[in-house]
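Student: Provided herewith is a single structure, encoded as structure tokens, for subsequent inquiry.
Only the coordinates and a few stated rules stand behind these numbers; no lab work does. Keep in mind the model is a prediction, meaning the values are calculated, not measured. We place every Cβ from the backbone using ideal geometry, glycine too, and count neighbours over all the protein chains shown.
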């Protein structure tokens, strides 16, 4: 589903990703962990196509298609969703209006008929119910004045409505207390399916207690330096990232990709 | 003085004002016209050294060198569809002058020509006409307007009457390059209510010099909506001078979406306690448009409040000027003043000059002001695009949202929708 080969990317002229390889199959949940500054958020932004993230080498294939030449909105329409670490507040834009415009833009791209307001409302009610979100959210401006938890839940709600085939959750746990974290994780878990791949980018193992990944990768120095199963996250939590710098990779019983 | 195009034009206009022939009028009006003519002849047109006109050079108007008297020629009809407000009573003022009185006016509401008003409301017309300062080059267009005072209309709403909505349509129809003066007075008796919609449209090269004077008696309420999407060549030199008695409420909401050279002076004087003014507006400029909005609120009585809330969107090589002034006079204690002007520059060649001015001579005053000029938040653009919105749509959505603090003030849903569509149509295309 997603093939990242030898990806190099610069931010403001500075190399951040230095030969990253990653392969994600349909329906799999991959966690990407790593120390601060390792390039975790850069990876999400490069896949989503953000300006200022310059790919200098390598390729990103999505369903066999090279997406690096596509605009961010085209990538979204191809089924890629980025849940932001810091969701943007957009005063003056109503959540319902925005989400319907986004969904219809995607449907139009895919040659599907656009949803009228009644059909859209029905879909929204259904999704709100599944995620146990109050419909008050739909009457507010996008993320404006939302608490940290509300913002993250709004991201997950958008994901539920847009139904991407690949969701990248960028530090979705940051700024959340344990109750909010659990709610957000439940929202994600309800959306796991055989057709939907998920990349969970996180600094801490805590989120992975709730969203249990199929694979865990350690990103350091712009590359994946270790990969393993869900248990790798626990080892990382116990030992910290410092062992990477001490050259202690060998202490971990994991496959090393370089 | 050297004969520049400006001084030549001013001399020509002064001559034209001196020799103009008007219908028979009371002596005070003839005096007023003469004095205004003399004031204009002495002061001439504003130039760069006149602070209030510093950013708005009148070169383009001089190049056009319009005459002051309307020349009869084939009118180009103006299409006002879609109607701004279907439930409003329409009052047409082609080129600024009332031609016919609408038949379906509610009880207690009158719309009169200036000459009829001089009979029925002479004292009030006189006091309003005489209240307009005409001295100095900064007030040249007020002087011309007063020197020329005979075209326009007077609206009157009797005590306690809720007049509903009146739509004043200023169609720019003449094809000659005239500077057409128009005076509109809106007299609201105590407790009267009115929604006044002022609409300007048309492709005529004629320049309109409109002076609108709302007079709100005690506890009167006026909602004044202004919508103009004149063509790129149009000149609009408009002024709104409101006076408010105790307990009155004046809400102005303006949308300047067109015009080549636009200057609007919006003033209100809070003369009685507990008078409130909420002044809001948005301008959307593209191409070479120039828009100069000057707002001034005079707090002359205690316990009044005023708000100035203005938003500007500028693309192309357009230029915007905003000057927001609030004066709180001695003794006007308990006044509350809020000022906010924010601008969005969508092009590197667009320019905005904004200046808030607060002058406070009273105690116990609550005042806040803020002025900003910025660009669209690129993170927000990216955020919307990651949800599937194409770039142009994302930018339009964010730009429209920027004006939302103004557009949300339009209560009537159908009217708000029409205004939203007009704003959308006015948005700079090349971003």
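Student: Within the range B:133-168, which residues have the backbone N less than 20 Å from the label spot 7 Å out from residue B:47 along Cα→beta-carbon, could you tell me?
Tutor: Only B:135-144 fall inside the zone, counting backbone N under 20 Å.
Student: Could you work out the relative contact order of the range B:48-139, using alpha carbon pairs under 8 angstrom and six or more residues apart, expressed as a whole percent?
Tutor: 22 percent
Student: Obtain the nm distance between the two label points defined at residue B:35 and residue A:210 by a simple spin-label model: each point lies 7 Å from its Cα along the Cα-to-C-beta direction.
Tutor: Rounded to a tenth, the inter-label distance reads 7.6 nm.
Student: Once a ≥ b ≥ c are taken as the square roots of the eigenvalues of the Cα gyration tensor of chain A, is the result rounded (a/c under 1.5), prolate (a/b larger than b/c) or oblate (a/b not larger than b/c)?
Tutor: Note, shape of chain A comes out prolate.
Student: At 222 nm, what helix-only mean residue ellipticity would chain A give, in deg cm²/dmol to the nearest 500, using -39500 (n - 2.57) for each DSSP H run of four or more?
Tutor: My calculation for chain A gives -10500 deg cm²/dmol from helical runs alone.
Student: Over the range B:6-271, what is the relative contact order in percent, taking alpha-carbon pairs closer than 8 angstrom and at least six residues apart?
Tutor: RCO, the range B:6-271: 17 percent.
Student: Measuring from a point 7 Å past the Cα of residue A:109 along Cα-to-C-beta, which residues in the range B:387-403 have an amide N at less than 15 Å?
Tutor: Within reach of a label on residue A:109, which here means backbone N under 15 Å from a point 7 Å along Cα→Cβ, the range B:387-403 contributes B:387-395.
Student: Listing A:80, A:16 from the residue with the fewest other Cβ atoms within 10 Å to the one with the most, what is the order?
Tutor: A:16, A:80
Student: Which of B:360, B:197, B:144 moves the most in a Gaussian network model of chain B with Cα springs under 10 Å?
Tutor: Looking only at B:360, B:197, B:144, the largest GNM fluctuation is found for B:360.
Student: At a threshold of 8 angstrom on Cα-Cα distance, excluding pairs fewer than six apart, so keeping six or more, what relative contact order does the range B:6-62 reach in percent?
Tutor: 41 percent
Student: In addition: Does anyone have the angle between helix A:95-109 and the longest principal axis of chain A? Alpha-carbon axes, 0 to 90°, nearest 10?
Tutor: 80 degrees
Student: For residue B:420 and residue A:144, what does the FRET efficiency come to when R0 = 25 Å and r is the distance between their Cβ atoms, rounded to the nearest 0.05?
Tutor: The pair residue B:420/residue A:144 has a calculated efficiency of 0.80.
Student: Counting only DSSP beta bridges with both residues in the range B:6-271, what percent are antiparallel, rounded to the nearest 5?
Tutor: 5 percent
Student: Also, I was wondering about something else. Calculate the length of the line joining the C-alpha centroid of the range B:374-431 to that of the range A:99-121, in whole Å.
Tutor: 19 Å
Student: Take B:222, B:327, B:398 and order them by how many other Cβ atoms sit within 10 Å, fewest up front.
Tutor: Lowest to highest Cβ neighbour count: B:327, B:398, B:222.
Student: How many percent of DSSP beta bridges within chain A run antiparallel, rounded to 5?
Tutor: 60 percent
Student: Now for a separate question. Taking a label point 7 Å from the Cα of residue B:393 along the Cα→Cβ vector, which residues of the range A:107-130 have an amide N closer than 12 Å to it?
Tutor: Residues A:107-112, A:114-115 qualify, since their backbone N sits under 12 Å from the label point.
Student: For the range A:1-76 and the range B:205-242, write down the distance between their C-alpha centroids in whole Å.
Tutor: The range A:1-76 and the range B:205-242 have Cα centres separated by 55 Å.
Student: In terms of the Cα gyration tensor, with a ≥ b ≥ c the square roots of its eigenvalues, is chain B rounded because a/c is under 1.5, prolate because a/b exceeds b/c, or oblate?
Tutor: Rounded is the answer for chain B, as its axis ratio a/c remains below 1.5.
Student: Counting only DSSP beta bridges with both residues in the protein assembly as shown, tell me the antiparallel percent, nearest 5.
Tutor: Antiparallel bridges make up about 15 percent of those DSSP assigns within the protein assembly as shown.
Student: Between residue B:63 and residue B:100, what is the FRET efficiency for a Förster distance of 25 Å, r being their Cβ-Cβ separation, to the nearest 0.05?
Tutor: 0.10
Student: Hey, another quick one. Taking square-rooted eigenvalues a ≥ b ≥ c of the alpha carbon gyration tensor, is the range B:114-188 rounded, prolate or oblate, where a/c under 1.5 means rounded and, failing that, a/b exceeding b/c means prolate?
Tutor: oblate
Student: Running a GNM on chain A with Cα contacts under 10 Å, which residue among A:91, A:35, A:72 ends up with the highest mean-square fluctuation?
Tutor: A:91
Student: Order of B:353, B:123, A:116 from fewest to most other C-beta atoms within 10 Å?
Tutor: Ranked by crowding around the Cβ, least crowded first: B:123, A:116, B:353.
Student: Fully extended, how many nm does the chain gain between residue A:118 and residue A:61 (0.36 nm per residue separation, minus their Cα-Cα distance)?
Tutor: Here the answer is 16.9 nm.
Student: Report, in deg cm²/dmol and to the nearest 500, the calculated mean residue ellipticity at 222 nm for chain B, where each DSSP H run with n ≥ 4 adds -39500 (n - 2.57) and the sum is divided by the residue count.
Tutor: Per the formula, -7000 deg cm²/dmol.
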